[in-house]
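Step one of this worksheet: look at the structure below.
Every read-out reported here was derived from the displayed coordinates using simple, explicitly stated rules and does not represent laboratory data. All values derive from a computational prediction rather than experimental measurement.
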């Protein structure tokens, strides 16, 4: 099941073919390299555009969000067994 977090994070990535590709993120002073992006989706929350990512880092799956209005990154959830 997913554990809700909803905290701001820092994300480092590259642009490939006009799309941002996250490569790692920093959360609680720890760096998490992203092994795989399993899903990404553009959504609207009211009038706010957001991009959601599901990523694999280590043995865990994380849900990340980029808020295009505030230009901030969030870690929304982590999969906990």
Relative contact order of region 1-73 (C-alpha contacts under 8 Å, at least 6 apart) in percent is 21 percent
List, largest first, the extents of the alpha carbons of the chain along their principal axes, each in whole Å. 34, 28, 23
